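Read the structure below first, then the notes.
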Amino acid sequence: MKLRDALVDLYRKVATSLPPDVEAALRSAYKKESSTARSILSVLLENVWIARKTGRPLCQDTGVPVFFVKVPLSVSRQELRDTIVKATRIATREIPLRPNAVDIITGKNSGNNTGIGFPVMYFEETKRGRLIIDLMLKGAGSENVGQLYGLPHAELKAERDLEGIRRCVLDAVYKAQGKGCPPYIIGVGVGGAKDQVSRLSKEQLLRSLQDRNKNEVLARLERKIMHDCNKLGIGPLGLYGKTTVIGVKVGVNHRHPASYFVDVSVCCWADRKARLTW
């Protein structure tokens, strides 16, 4: 099999099948909920089953393709970019994916999910011989409610510490008020540069909901934030309930003494992701 064809299959898997960790979290939430929230989660789980059975996309918004690629030194990045673009065009036509790449100036849709900066690709060199490609289809509704904060933040009374990070995430979830299709998965990036934390927060969405942060301080922070978000009562699709968030993942980088940025990346219940190792 060619890498291009393997990438098309990766697209198909991500678009039509929810990862087991996310589905398990939704089923767990279903057992805890009642009334409207329980009914909503039942519909979401039925949607997951139908998409997998019929091979159709989980959502009408098949999102922005975001690739995180670990590239061996022997592999040409330009050839890999070209292969990803070709696979994207084929996947858009065959799965199909909704064309989402729109020219900023003309407003014209490219029709094949490719264009300037589309799909999104992040590359990282690795000394290992394997090519590792993580793909996420990031929905725009949940992307729109993400927030970037600079600490200290006077309005939130958030200082440059873990409590300040917690306040930022709670503010982002509260402001969303159910937009972007909760239950959410929250990725948090903390560091010293705006572009750095934006990438880092998205990368957290690739983590399994069942994993545990290797840093015990951050592991406790993740649990605390998730508990406090669910106390907001926003619930599935914003129609009240116990389950507003099913996962919180925090990643950190060192920062410059003058900067302390927190990026909150919000993902809808359909955290569509998968990995290809080549």
**OP:** Kindly write out, for the range 239-251 in residue order, the coupling ³J(HN,Hα) from the Karplus curve 6.51 cos²θ - 1.76 cosθ + 1.60 (θ = phi - 60°), rounded to whole Hz, with x marking Gly and Pro.
**Re:** 9, 6, x, 7, 10, 9, 9, 10, x, 9, 10, 10, x
**OP:** Treat each spin label as a single point 7 Å out from the Cα along the C-beta direction, and report the ARG128 to TRP278 distance in nm.
**Re:** 1.6 nm
Original post:
Computed over the Cα atoms, what is the radius of gyration of the chain divided by 2.2 N^0.38 Å, N being its residue count?
Top reply: 1.01
Subject >> Rough spin-label spacing in nm, given labels placed 7 Å along Cα→Cβ, for ILE50 and ARG220 >> reply: 4.5 nm
Original post:
At a Förster distance of 22 Å, what's the computed FRET efficiency of GLN60 paired with TYR240, Cβ-Cβ distance as r, to 0.05?
Top reply: 0.35
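Mean residue ellipticity at 222 nm from the helices of the chain, using -39,500 (n - 2.57) per DSSP H segment of n ≥ 4 over the full residue count, to the nearest 500 deg cm²/dmol?
On the way: 8 runs with 111 residues, N = 278.
The helix contribution divided over the chain gives -13000 deg cm²/dmol.
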Subject >> Once exposed loop trypsin sites (Lys or Arg not before Pro) are cut out (DSSP; at most 13 other Cβ, 10 Å), longest piece of the chain >> reply: 3-107
**OP:** Find the relative contact order for the range 1-113 and round it to a whole percent, using C-alpha pairs within less than 8 Å whose residues are 6+ positions apart.
**Re:** 29 percent
Original post:
How are the C-alpha pair distances of the range 89-169 spread across 5 Å bins, as whole percents from the shortest bin up?
Top reply: 3, 10, 14, 14, 13, 12, 13, 12, 7, 2, 0
Original post:
In whole Å, what three semi-axes, largest first, describe the equivalent ellipsoid of the range 63-215 built from its Cα gyration tensor (square root of 5 times each eigenvalue)?
Top reply: 30, 21, 14
Original post:
Residue by residue, what Karplus-based ³J(HN,Hα) values in Hz, rounded to whole numbers, does the range 32-45 have, using 6.51, -1.76 and 1.60 with θ = phi - 60° and x for Gly and Pro?
Top reply: 8, 8, 9, 6, 4, 4, 5, 5, 5, 5, 5, 5, 4, 5
**OP:** Would you kindly derive the ³J(HN,Hα) couplings of the range 141-156 from the backbone phi angles with the Karplus curve 6.51 cos²θ - 1.76 cosθ + 1.60 (θ = phi - 60°), listing them in order in whole Hz, with x for Gly and Pro?
**Re:** x, 6, 4, 5, 9, x, 9, 10, 10, x, 9, x, 10, 4, 4, 8
Original post:
How far is it, in nm, from the label point at HIS256 to the one at ILE90 when both lie 7 Å from their Cα along the line to the Cβ?
Top reply: 4.4 nm
**OP:** Count charges around SER110 for me, please; just the other residues with Cβ under 15 Å from its Cβ, Lys/Arg as +1, Asp/Glu as -1.
**Re:** +4
Subject >> Cysteines without a disulfide-compatible neighbour (Cβ-Cβ under 4.7 Å), the chain >> reply: CYS59, CYS168, CYS229, CYS267
Original post:
Setting aside same-chain residues fewer than 8 positions from LYS31, which lysines have a Cα under 18 Å from its Cα?
Top reply: LYS231, LYS242
Original post:
Where the centre of each part is set by its Cα atoms, how far does the range 96-124 sit from the range 172-236, in angstrom?
Top reply: 26 Å
**OP:** Can you tell me what the convex hull of the Cα atoms of the range 46-140 projects to on average, as an area in nm²?
**Re:** 7.2 nm²
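No value in this document is a laboratory result; all are computed from the given coordinates. Not measured: the values here are computed from a predicted model. Every residue, glycine as well, gets a Cβ built from its backbone with ideal geometry; the counts of neighbours run over all protein chains shown.
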